[in-house]
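I have placed the structure first, in the form of structure tokens, so that the comments after it can refer back to it.
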Amino acid sequence: MTNHDEGIDGQPTLAQSDALKLVAIVSMTIDHVGAILLPQVGWLRIIGRVAFPLFAYQLAAGYLHTHNLSRYVLRLAIWGLIAQPVYMIAFGARPWTLNIFGTLLLGLLAIWGWDHRRWWAVVLALSLAAIQLWLPAVGPDYGLYGVVLCLASFVLFQHREQLAIGHGLLHVLAGILFWPSQVYALASIPFILWPPRLHLRHLPKLFYAYYPAHLALLVLVRYLLAR
């Protein structure tokens, strides 16, 4: 594993990565407003397709930049547990349907396995995600597509053209095989190729708390509107 505080072969610096996280957070929030409050407004969900590919890409960047992988894993796991109850309430999910932190943890397992040639870890991560193909209510958010996208982001991280093509193919395949709207995730590729340049020191840690907090707020608003 390699640790870097600057860009890797022309890839985003940490500051640019934080800017990408902001784009992803805004997109995710719009998506969840559509899913929880305004399901009849389809364009909100379309905008939301940009979010997860950026999170998957940033997971690969985070793996390359982290100085403490164990702490990174623990942080994802803790916030995943905190977010799970509100995720279930917000989307009517079952306990064994995992929120996005579960997807990122499996993606991280696959990335670690690939990086260290621990192929059992790659197979395990992909197998756990693939269960959703037979049991739709079991497994991580975004399923196999989500974990493969995380792994592809890492494998192709230093090759921008191949990364764009790989992401594009996965979005199209997901749109054909699983969710037609996922084709709109193609709009995330320009952000990856030409990341914005902002300096946002505290954004990486903000996301962890923001995810369950914004879901809880949207659930509260939905409850108040239904009264």
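Do we have residue 134 as open to solvent by 70 Å² or more (accessible area, probe 1.4 Å) and under 20 Å from residue 74 (Cα atoms) here?
So residue 134 fails the test.
Can you name the number of the only condition in (1) at pLDDT 95 or above; (2) under 19 Å from the mean Cα position of the chain (by Cα); (3) open to solvent by 60 Å² or more (accessible area, probe 1.4 Å) that residue 220 fails?
Among (1) at pLDDT 95 or above; (2) under 19 Å from the mean Cα position of the chain (by Cα); (3) open to solvent by 60 Å² or more (accessible area, probe 1.4 Å), the lone unmet condition for residue 220 is (2).
Could you list, in sequence order, all residues of the range 174-185 that are assigned to a helix (DSSP H, G or I) and closer than 14 Å to residue 145 by Cα?
174, 175, 176, 177, 180, 181, 182, 183, 185 - these are the residues of the range 174-185 that are assigned to a helix (DSSP H, G or I) and closer than 14 Å to residue 145 by Cα.
Given the criteria of a type outside the set (Val, Ile, Thr), modelled with pLDDT of 95 or more and under 18 Å from residue 54 (Cβ atoms), does residue 106 qualify?
Criteria met by residue 106.
Can you tell me which residue is nearest to residue 154 (Cα to Cα) among those in the range 40-57 that are open to solvent by 10 Å² or more (accessible area, probe 1.4 Å) and part of a helix (DSSP H, G or I)? Outline the logic, then answer.
Within the range 40-57, the first condition is being open to solvent by 10 Å² or more (accessible area, probe 1.4 Å), and the residues that meet it are 40-47, 49-50, 55.
Retained after the next criterion (residues that are part of a helix (DSSP H, G or I)): 42-47, 55.
Details: 42: 31, 43: 30, 44: 29, 45: 26, 46: 25, 47: 24, 55: 12 Å.
Looking at residues that are open to solvent by 10 Å² or more (accessible area, probe 1.4 Å) and part of a helix (DSSP H, G or I), I get 55.
Can you name every residue in the range 147-177 that is touching a Gly at 6+ places or on another chain (Cβ under 7 Å) and either free of Cβ contacts under 8 Å to residues at least 40 places away in the same chain or among the small types (Gly, Ala, Ser) (or both)?
152, 156
Of the residues 94, 117, which single one is on the phi > 0 side of the Ramachandran plot and open to solvent by 10 Å² or more (accessible area, probe 1.4 Å)?
Going through 94, 117 in turn, just one is on the phi > 0 side of the Ramachandran plot and open to solvent by 10 Å² or more (accessible area, probe 1.4 Å): 117.
Counting only residues that are modelled with pLDDT under 95 and either polar (S, T, N, Q) or part of a loop (DSSP other than H, G, I, E, B) (or both), how many does the range 143-169 have?
Looking only at that region, the number is 3.
The values are calculated or read from the model by the stated rules, or taken from the named source; none is laboratory data. Keep in mind that what you see is a predicted model, and the values were worked out from it rather than measured. Here the Cβ is made from the backbone with ideal geometry for all residues, glycine too, and neighbour counts use every protein chain on show. Surface areas here come from the heavy atoms of the whole protein model, side chains and all, with no ligands, DNA or RNA. Shrake-Rupley method; radii C 1.70, N 1.55, O 1.52, S 1.80 Å.
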